[in-house]
1. List, please: which pairs have Cβ atoms under 9 Å, are six or more places apart or on different chains, and start with a residue in segment 159-170 that is of a type in the set (Phe, Trp, Tyr) and end with one that is part of a helix (DSSP H, G or I)?
2. Of the conditions (1) under 22 Å from the mean Cα position of the chain (by Cα); (2) buried (at least 21 other Cβ atoms within 10 Å of the Cβ); (3) within 30 Å of Arg176 (Cβ to Cβ), Val88 fails just one. Which one is it?
3. Kindly indicate whether any position in segment 154-164 is touching an Asp or Glu at 6+ places or on another chain (Cβ under 6 Å), within 21 Å of Gln44 (Cβ to Cβ) and open to solvent by less than 20 Å² (accessible area, probe 1.4 Å).
4. Please tell me if Glu18 is exposed (fewer than 14 other Cβ atoms within 10 Å of the Cβ) and assigned to a helix (DSSP H, G or I).
5. Would you pick out the residues in segment 132-149 that are touching a residue at least 40 places away in the same chain (Cβ under 8 Å) and within 16 Å of the ligand (Cβ to nearest atom)?
6. Please go through segment 207-239 and pick out each residue that is out of contact with any helix residue (DSSP H, G or I) (no Cβ under 6 Å at 6 or more places or on another chain) and among the aliphatic types (A, V, I, L, M).
7. Search segment 29-58 for residues being under 11 Å from the mean Cα position of the chain (by Cα) and among the aliphatic types (A, V, I, L, M), and hand back the single one that is farthest from Ala124 (Cα to Cα).
8. Which one of these is more than 16 Å from the ligand (Cβ to nearest atom) and either free of Cβ contacts under 8 Å to residues at least 24 places away in the same chain or part of a strand (DSSP E or B) (or both): Ala197, Ala226?
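The values are calculated or read from the model by the stated rules, or taken from the named source; none is laboratory data. Remember, it's a predicted structure, so these values are computed and weren't measured experimentally. FYI the Cβ positions are ideal-geometry reconstructions off the backbone, even for glycines, and counts take in every protein chain you see. In case anyone asks, the SASA skips ligands and DNA or RNA and just uses the protein heavy atoms, side chains included. Shrake-Rupley method; radii C 1.70, N 1.55, O 1.52, S 1.80 Å.
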Amino acid sequence: MDPSAHEAIGKKLVEWFEANGRDLPWRKEHRPYQIWISEIMLQQTQVKTMLPYYHRWMERFPDVRCVASASDEELLKHWEGLGYYSRVKNIAATARVLCADFGGDLPRNHRALRGLPGIGPYTAGAVMSLAFNEDCPAVDGNVERVLARLLDIAMPVKERKAAEFIRKTAQDLIPRGDARRFNQAIMDLGAMVCSPARPSCGRCPLSFFCVSLARGVAEERPVRSAGRKPLAIDVAVGILVKEGRVFIQKRPASGLMPGLWEFPGGKTVEGETPREALIRELREELDVGVRDLKKIALIRHSYTSFRVSLHAFTCALSDEDAQPEVRAAVEGRWVARQDLDDYAFPAANRKLIRLLLKDGSLLPDVRGLASRHRT
Ligand code: SF4
C-alpha cells in the first residue's frame, strides 16, 4: 500500500470517527488511569458487559492510590463476574509499583509501561496513544480484523509474520500527531462496522481501499489457526449446611481463579457419579464424611478453555462435631446464606448462589444466622 493510500485511509477513518465514534466514559478526559483500567477490563470482555463494572470500580477506586491501598479481597469483589482473575491481581501489583516508583501516575513511556505487571504491547500502545496521544499502534482483536480484511491477509493472523505485518501497518497508518483519534476510530470501526460475523461493507468508510471486499473474501478474513475445542468437565460441589450456615473455602492466591471463594468439591473421575465424586472430594479436601446428600441443581457455564457442568448437592456432616480441615484451599468459613454476597465467587458458583438466594427452600436447616466463625 503506498503512502498516499495510508494518508487517505487515516483521513477517512478520523472523519468517520468524528461523526460515529462511541461515547465511552474513559474517552472524555483521556486520564491514563481510566484508560488503563478500561483496557484491562475490556480484554476478553464486551463493552456492554464491562461498563457497569467500570462505573462501580471508578466510584470506589477513583485513582491509582485507592487501588494500591485496597485489600485484595475488596478488589476481587469488584471484579467478580468479569473472569480472568489474574487481571485484577496484576492491577493491584501495578498500582503498588506506580505508587512506589512513579509517584502514583502511569509513565508516559512505552518501555516503562511494558515493564508493569499485566501490561502487554496492546495495553501499552492504548495508554500511550489514547491517554498521551503518542503515535503508537494498539492492535486489539478489532484492529486485527479490520486490517486483515483491508489488506486481505490470507495467513492466520496470530502467526508471527502476519502479526508483525499488521502491527507495522497499524503504525504506518497513524496520521502524525493524531494517534488518539485514529486508534479509537479503527477500534470502533471493527466493533461497529467491520464486525466479526458479517462486515457491513456498504457503510464502511474504507470500502474503496478494501482488498478482501474487492476479491469477495471479506467474510473469510481474518484466517484463524485451528483452535482446540473447549473441554467439557463435570464438577460436583457440596453445600454443607450446619446450624443455619454453609461452608465455603478460599482458593489459593495462584493458579486458576486465584483468591476466589467456592463451595468445596471437585471433578468427577472416569466411571464415577457426581454423588460419589462429592463424597470422595469432601473426604480428600476437608477430611469429613457427609450424609443426607440431595441434588438441588445442575448449573452449566462456559469458560474460555472448558465448559463446566456443576452438580450441586446439599448435605450435612456425618459427625456434627467434626471441623472441616481445609487442604486444597487456604481458608474455610461457615457463613450465613445472606452473607454469601459479600464474597467473590467464580461465575458457576455465583449462578448457584443466585438460585440459593432466590429459593430459600433449597437449603435445609437454614435459619439465616448472621454471625460467622473461622474453622
Ligand atoms: Fe471491513 Fe468491509 Fe470495511 Fe473491508 S469494506 S474494512 S471488510 S467493513
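1. Within 9 Å, the pairs are Phe165/Leu147.
2. Against the list (1) under 22 Å from the mean Cα position of the chain (by Cα); (2) buried (at least 21 other Cβ atoms within 10 Å of the Cβ); (3) within 30 Å of Arg176 (Cβ to Cβ), Val88 comes up short only on (3).
3. The answer is yes; a qualifying residue exists.
4. Answer is yes for this residue.
5. Once the filter is applied, which keeps residues that are touching a residue at least 40 places away in the same chain (Cβ under 8 Å) and within 16 Å of the ligand (Cβ to nearest atom), segment 132-149 yields Asp140, Gly141, Asn142, Val143, Glu144, Arg145, Val146, Ala148, Arg149.
6. If the condition is that a residue be out of contact with any helix residue (DSSP H, G or I) (no Cβ under 6 Å at 6 or more places or on another chain) and among the aliphatic types (A, V, I, L, M), then Val211, Ala214, Val217, Val223, Ala226, Leu231, Ala232, Ile233, Val235, Val237, Ile239 are the ones that fit.
7. Among residues in segment 29-58 that are under 11 Å from the mean Cα position of the chain (by Cα) and among the aliphatic types (A, V, I, L, M), the one farthest from Ala124 (Cα to Cα) is Met50.
8. Working: Ala197 fails: more than 16 Å from the ligand (Cβ to nearest atom).
Of Ala197, Ala226, the one residue that is more than 16 Å from the ligand (Cβ to nearest atom) and either free of Cβ contacts under 8 Å to residues at least 24 places away in the same chain or part of a strand (DSSP E or B) (or both) is Ala226.
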